[in-house]
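Heads up: the structure comes next, in structure tokens.
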Amino acid sequence: MEMLVLMFVCGVAVATLVFWPLLHRAHRKTTESQQTAPHGKHALRATSAPKDSATTPEANGSDEKTDREGDGEATQPVKIEATAPKPREPEPMEMPELPTDIFDARYRARFNRSQRRLERIRAEISNAG
């Protein structure tokens with residue numbers, strides 16, 4: 001009985017030492033994957049920093065327009081209309097006609113020869129028996 005209790009305690013200890021860190025690692029990985037903000041060394045780089053609205057072309061575009069208008073150049077926004085492509089009519093496709101007399105062309109002579117041989121063997125067996 002003491003051996004059984006000792007085995008149980010050792011099993012619980014081993015399971016705790018092995019599976020407890022694995023469980024914590026799994027929980028940590030799931031929480032890290034759910035975070036949307038970049039973290040770690042790569043997040044400190046200047047290329048991964050979010051851009052300000054002042055550096056976007058839209059924010060600078062209004063200043064450029066006023067400068068251009070002062071120079072005498074009038075710019076108007078170009079409107080591009082998005083149109084869906086028209087569905088094409090299905091084109092008829094020519095289907096090749098398969099020859100229906102393949103059996104006659106290739107195998108009829110052999111079939112007839114084999115059939116006559118079988119009839120001859122049956123006739124010999126019936127006459128002998």
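List of remarks:
- The modelled label-to-label distance for the pair Gln34/Gln76, using points 7 Å beyond Cα in the direction of Cβ, is 5.4 nm.
- Computed FRET value (nearest 0.05) for Phe103 with Asn127, which takes r as the C-beta separation and R₀ as 30 Å: 0.40
- Placing dummy labels 7 Å off each Cα toward the beta-carbon, the span from Glu2 to Leu23 is 3.1 nm.
Read the figures in this text as sums done on the coordinates, not as results from a lab. These numbers come from a predicted model, not from an experiment. Cβ: placed from backbone, ideal geometry, glycine included. Neighbour counts: every protein chain shown.
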